[in-house]
Structures are given as C-alpha cells and as structure tokens.
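What follows is a short report on a single structure.
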Amino acid sequence: MVTYTWSVPMTERNLADGGITVIHWRCDGVDGDYSASSYGTTSHTPDADADGFIAYDSVTEANCIAWAQAEANQADVEAAIAAKIEADKTPTSAAGVPWAAE
C-alpha cells in the first residue's frame, strides 16, 4: 500500500493583501522499498473581501496542501505515483549487456 506525503516548499503572494497566488507542492509516495514523487504548482486568485479569506500570516501548510490538492486533483496525482511505483516493482524491460550479467 502506498503512503502519500504532501508538502509545500514555497508559495508566492500578493504583497498588498497577503493572498497566496501560487503554491509549489510536492507529493511523495512510498511503498516498502519503492518510492516516487510528483512536483507541481497551482495558481490561485485570492479575494481579500471574500468570506473565508486567509491572509498570508495566518495560512498554515495544511491550508496550502488542501488548496493544492483540490486544484491539482489529488486523486490523479496519487494514481500517477502509484502507477510509477507499480511499474518499478514489476519491470517489463531492462538495460545492460549480457556479458556483464552478475
């Protein structure tokens, strides 16, 4: 079973109102000795006048992860990581030369 860990190494924001406009996210997946990851960015259009607006100084990593997961489609990101791990666990091709086989 793949265990996923989402993190946010950086954000970009409007200086005028502290609204986060870009989230740089990373998702790591681990299944025993196998791992894969995905990195991306999501764009956001904060509205300082909207109910629920959270200014930069009050935003948590959990807030950013939730926003990024919604925008990046968490299920698709995690499915791609799981597929990569499965391909690594059950390879269908290999490289090398036969005279150097161990």
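The values are calculated or read from the model by the stated rules, or taken from the named source; none is laboratory data. None of the values given here were measured: they were computed from a predicted structure. With ideal geometry, Cβ positions are generated from the backbone for all residues, glycine too; neighbour counts draw on all protein chains shown.
Of the residues making up the stretch 1-25, those that are of a type in the set (V, I, T) and outside any strand (DSSP E or B) number 1. Taking residues in the stretch 65-82 that are closer than 15 Å to S37 by Cβ, and partners anywhere that are assigned to a helix (DSSP H, G or I) and of a type in the set (S, T, N, Q), the pairs with Cβ atoms closer than 9 Å and at least 6 places apart or on different chains are A68/Q74; V77/Q69.
To keep it simple, each residue is scored yes or no on (1) over 25 Å from T3 (Cβ atoms); (2) touching a His at 6+ places or on another chain (Cβ under 9 Å); (3) loosely packed, with under 14 Cβ neighbours inside 10 Å.
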| position | (1), (2), (3) |
| --- | --- |
| R26 | no, no, no |
| V30 | no, no, no |
| D33 | no, no, yes |
| A50 | yes, no, yes |
| F53 | yes, no, yes |
| D57 | yes, no, yes |
| A68 | no, yes, no |
| A75 | no, no, yes |
| K89 | no, no, yes |
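A count restricted to the stretch 1-17 and to residues that are touching a residue at least 40 places away in the same chain (Cβ under 8 Å) and touching an Asp or Glu at 6+ places or on another chain (Cβ under 9 Å) stands at 5.
Scanning the stretch 34-64 for residues that are touching a residue at least 12 places away in the same chain (Cβ under 8 Å), part of a loop (DSSP other than H, G, I, E, B) and of a type in the set (G, A, S) yields A48, A55.
Which one is farthest from A83 (Cα to Cα), of the residues in the stretch 1-46 that are of a type in the set (D, E) and at pLDDT 95 or above? The extreme case among them is E12.
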